[in-house]
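What follows is one structure encoded as structure tokens, with my remarks underneath.
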Amino acid sequence: MNTLIKNAIVLLPDGTTPVANIAVIDDRIAAVGDVPENFQADKVIDGTQHFAIPGFVNAHTHASMTLLRSYADDMKLMDWLEQMIWPIEAKLRSDDIYWGAMLAAVEMIRSGTTAFADMYGPDMERVAEVVEVSGLRGVLSRGLIGVAPDSDKKLEENAALYENYHGAAQGRITVMFGPHALYTCPPDYLKKIAAKAQALGAEVHIHMSETVGEIENCLKEYGKRPFAHVASTGLFENGTLAAHCVHLDDEDIDIIKKYQIRVAHNPGSNMKLASGTAPVPRLLEEGICVALGTDGASSNNNLDMLDEVQLAALMHKVHTLDPLAVPALTAVKMGTEYGAQALSLRDVGRLQAGDKADIVLFSMHGAAWTPCYNPVSLLAYAAKSSSVDAVMVDGKLLMENGALTTLDEEHILFEAQKVADRLTK
């Protein structure tokens, strides 16, 4: 289908924001600005008083953890995991994973997210179903716990996920391998994952250097910091998305650069769990790709990427005492363009001819958008995701005029609550 978005304020890759038309043919942007004379639109969207941006890319989350939102808060990370989260996750059934991911899809679409990187437990094919039905773009990995007695089975499940779903949903599904972290995956297991991923041509999604305790324990057990230790297993040879990367030294950053590791920065989760502040300004200066993620909804506690954009823009200013540390445009790009790069999504993350039509329209009718001196600054410092009016992925509208078009929101809320009631009774 051909779609014409007329007279929107458009965020271009160079950061300028002209009033322009966007022509979409099938799943791609055909033109931004001057529309070809022979272009015939099947659908016309009035973009007047709307801000068009590339869809947000959530570079690190655990979608089905929506079921545990606010179930266990105000705890230390390992206490939170070992005492509260892992025991209840052991009860999760296949349908639970599905409804948790469906709930996540509702929240993500409503807040302007068009792509997400998900790492979770078994039954990730159910999350693939959600990607197919919802119209979102998903980068999925089966969370791998090497210390579990069935660790080899988990690895085979991730391989099967890759073989069955990589490139599925009209190319909207990508599959990575998901070793949880070095403290749950012994080195021999990381080597197995590296070999399997390399054999299939898959990339890797892993938590790295999230807490001080993780660094200390790795030094004690292996005599190396986390990045040097994991590099020695060969895991980084395949292309890596590393979540958190809070506690880094010069050697860590050299390894990140050497292997062109992409960083998923999770400011909301890092603040809530008191993990620390990642050296994002330094990473950006070094030319490292830094994207944004929400983490799971039980450590954030939402999947709202605009929140992460705003937190990223603010927290590094106060941490460095530098008001220029992460400017508004950089924060927005971290949530969009850099996120697409981090997930290895080709032709995604920019509003330009030839790229995928993953577009979000914010209604600028409202107090938070008035007056409008700079729409990028308004987005980074003033706007709320409640002003998301339309969401498009691959040229298909997932939300129009504030209404979801691919999902039955009320039914999903009902089923998710029913699951939560059973899990916690």
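The values are calculated or read from the model by the stated rules, or taken from the named source; none is laboratory data. Keep in mind that what you see is a predicted model, and the values were worked out from it rather than measured. So basically every Cβ, Gly included, is an ideal-geometry build from the backbone, and we count neighbours across all protein chains shown. With ligands, DNA and RNA removed, areas are computed over all heavy atoms of the protein, side chains included. Shrake-Rupley method; radii C 1.70, N 1.55, O 1.52, S 1.80 Å.
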**Message:** So, in the range 327-349, exactly how many residues are open to solvent by 30 Å² or more (accessible area, probe 1.4 Å), in contact with a helix residue (DSSP H, G or I) (Cβ under 6 Å, 6 or more places away or on another chain) and of a type in the set (Val, Ile, Thr)?
**Reply:** 0
**Message:** Can you pull out every residue in the range 291-317 that is closer than 15 Å to Ala380 by Cβ and open to solvent by 30 Å² or more (accessible area, probe 1.4 Å)?
**Reply:** Asp307, Leu311, Leu314, Lys317
**Prompt:** in contact with a Lys or Arg (Cβ under 6 Å, 6 or more places away or on another chain), touching a residue at least 24 places away in the same chain (Cβ under 8 Å) and not charged (D, E, K, R), is that true of Ala342?
**Reply:** yes
**Asked** For the subset of the range 90-106 comprising residues that are touching a helix residue (DSSP H, G or I) at 6+ places or on another chain (Cβ under 8 Å) and among the charged types (D, E, K, R), which member is surrounded by the most Cβ atoms within 10 Å (Cβ to Cβ)?
**Response** Asp96
**Request:** Return the pairs, sorted by first residue and then second, in which the second residue is at pLDDT below 95, the first residue lies in the range 132-146 and is among the basic types (Lys, Arg), the beta carbons are less than 8 Å apart, and the residues are 6+ apart or on different chains.
**Result:** Arg142/Gly121; Arg142/Pro122
**Request:** Return a yes/no flag: does the range 234-246 have any residue that is aromatic (Phe, Trp, Tyr) and open to solvent by 10 Å² or more (accessible area, probe 1.4 Å).
**Result:** no
**Request:** Select from the range 1-39 the residues that are open to solvent by less than 40 Å² (accessible area, probe 1.4 Å), in contact with a Ser or Thr (Cβ under 6 Å, 6 or more places away or on another chain) and assigned to a strand (DSSP E or B) and list them in ascending order.
**Result:** Ile9, Val24
**Message:** Condition first: under 14 Å from Arg110 (Cα atoms) and open to solvent by less than 60 Å² (accessible area, probe 1.4 Å). Now tell me which residues in the range 386-401 satisfy that.
**Reply:** Ser387, Val388, Asp389, Ala390, Val391, Met392, Val393, Leu397, Leu398, Met399, Glu400
**Request:** Test Lys220 against the stated conditions and say whether it is more than 24 Å from Ala274 (Cα to Cα), among the basic types (Lys, Arg), out of contact with any Gly (no Cβ under 6 Å at 6 or more places or on another chain) and in the same structural domain as Ala160 (by the TED database).
**Result:** no
**Request:** Identify, by number, the condition in (1) within 13 Å of Val204 (Cα to Cα); (2) open to solvent by 10 Å² or more (accessible area, probe 1.4 Å) that Gly167 doesn't meet.
**Result:** (1)
**Message:** For the condition among the small types (Gly, Ala, Ser), over 17 Å from Asp358 (Cβ atoms) and part of a helix (DSSP H, G or I), what is the one hit in Ala148, Ala194, Ala202, Ala168?
**Reply:** Ala194
**Asked** Would it be correct to say that Ala331 is in the same structural domain as Leu103 (by the TED database), not hydroxyl-bearing (Ser, Thr, Tyr) and not in a loop (DSSP other than H, G, I, E, B)?
**Response** yes
**Asked** Before we move on, is Leu324 surrounded by fewer than 16 Cβ atoms within 10 Å (Cβ to Cβ) and either touching a Ser or Thr at 6+ places or on another chain (Cβ under 6 Å) or at pLDDT 95 or above (or both)?
**Response** yes
**Request:** Could you tell me whether the range 52-71 includes any residue that is out of contact with any Phe, Trp or Tyr (no Cβ under 9 Å at 6 or more places or on another chain) and without any contact (Cβ under 8 Å) to a residue 60 or more places away in the chain?
**Result:** no
**Asked** So how many residues does the range 107-147 have that are over 30 Å from Gly395 (Cβ atoms) and open to solvent by less than 20 Å² (accessible area, probe 1.4 Å)?
**Response** 4
**Complete:** Within the range 24-76, the residues that are of a type in the set (Lys, Arg) and closer than 26 Å to Lys333 by Cβ are Arg28
**Asked** Can you name the residue in the range 350-385 that is open to solvent by 10 Å² or more (accessible area, probe 1.4 Å), in contact (Cβ under 8 Å) with a residue 24 or more places away in the chain and of a type in the set (Gly, Ala, Ser) and is also nearest to Asn238 (Cα to Cα) among such residues?
**Response** Gly354
